Amino acid sequence: MNLTAPFSSAPTRTFAALGALVLLVVLSGCAGTDSGAAAGSSASATAAAGTESATTDASPADCAGVVVVVDFGLLDADTITQCVDTTETIAAGDALESAGITTEGTVEYGDMVACRVNDRPAADETIEVEGQEPFTESCATMAPMHAYWGLWVQASPEADWEYAPVGLGELEIDPGHSLGLLFTTTGMETATPGS
């Protein structure tokens, strides 16, 4: 059974890069010399591992590209929801980078797992989960089962969130789908991104 079929039917990266370059040229032609937009605006075009994608704050139902949701759970930061404009299948890491999201893997597993997202939890941040010993995340190996970044996918805004069938370093997302990262802890009532 091929669990990755809806997420791994990617055309060559060359075509994706070419399409993104055309999009960047078109978007740059729309920008004036004094647009008044802040340099860090979420609507600006950003580089992503050799591709360019525009991102916007948008509801998942309004996004024709890939929705990226980052829910920090008990890490006490605002949930991030971005629409990455793409008409092609995109690597999950590229979608995150286009949305301005940084990830750090582990020494043992590399980018197959997310140990930190936007530098959270910080290396010196004590994580306290009820019923567990407080700890700090070293990113040496897998996080404990009671506090980790879960990688999620959603086939449409109406579909249920599901755990990703492969790790972050292999996951590819089709337009119309969503990619979620949730700092998951035991005892969470709702364990899906953005809820």
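The values are calculated or read from the model by the stated rules, or taken from the named source; none is laboratory data. As the structure is a computational prediction, the values presented were derived from the model and not from experiment. Don't worry about glycine lacking a Cβ; one is built from the backbone with ideal geometry, like all the others, and counts go over all protein chains shown.
Kindly indicate the residue of region 103-112 that is in contact with a strand residue (DSSP E or B) (Cβ under 8 Å, 6 or more places away or on another chain) and part of a strand (DSSP E or B) and also farthest from PRO193 (Cα to Cα) among those meeting that condition. Filtering first and then ranking leaves GLU104. Considering every residue within region 168-185, establish whether at least one is more than 21 Å from CYS63 (Cα to Cα), among the aromatic types (Phe, Trp, Tyr), at pLDDT 95 or above and not in a loop (DSSP other than H, G, I, E, B). Scanning region 168-185, I find at least one residue that is more than 21 Å from CYS63 (Cα to Cα), among the aromatic types (Phe, Trp, Tyr), at pLDDT 95 or above and not in a loop (DSSP other than H, G, I, E, B), so the answer is yes. Quick one: which residue in GLY169, GLY176 is within 15 Å of the chain's Cα centre (by Cα), in contact (Cβ under 8 Å) with a residue 24 or more places away in the chain, under 14 Å from LEU96 (Cβ atoms) and surrounded by fewer than 22 Cβ atoms within 10 Å (Cβ to Cβ)? Exactly one of GLY169, GLY176 is within 15 Å of the chain's Cα centre (by Cα), in contact (Cβ under 8 Å) with a residue 24 or more places away in the chain, under 14 Å from LEU96 (Cβ atoms) and surrounded by fewer than 22 Cβ atoms within 10 Å (Cβ to Cβ), namely GLY169.
Filtering region 68-102 to residues that are within 12 Å of LEU151 (Cα to Cα) and assigned to a strand (DSSP E or B) leaves VAL68, VAL69, VAL70, ASP71.
Specify the residue that is farthest from the chain's Cα centre (by Cα); the eligible residues are those in region 126-166 that are assigned to a loop (DSSP other than H, G, I, E, B) and of a type in the set (Val, Ile, Thr).
Initial filter on region 126-166 (assigned to a loop (DSSP other than H, G, I, E, B)): 128-134, 137-146, 155-161, 164-166.
With of a type in the set (Val, Ile, Thr) added as a condition, the list becomes 129, 141, 166.
Working: VAL129: 24, THR141: 21, VAL166: 14 Å.
Checked region 126-166; the qualifying residue farthest from the chain's Cα centre (by Cα) is VAL129.
Considering PRO193, PRO134, PRO157, the condition of being in contact with a Ser or Thr (Cβ under 9 Å, 6 or more places away or on another chain), surrounded by fewer than 17 Cβ atoms within 10 Å (Cβ to Cβ) and touching a residue at least 40 places away in the same chain (Cβ under 8 Å) is satisfied by PRO157 alone. Looking only at region 55-67, filter to residues that are farther than 21 Å from ASP119 by Cβ and assigned to a strand (DSSP E or B); which one of those is modelled with the lowest pLDDT? Top of the filtered list is THR56.
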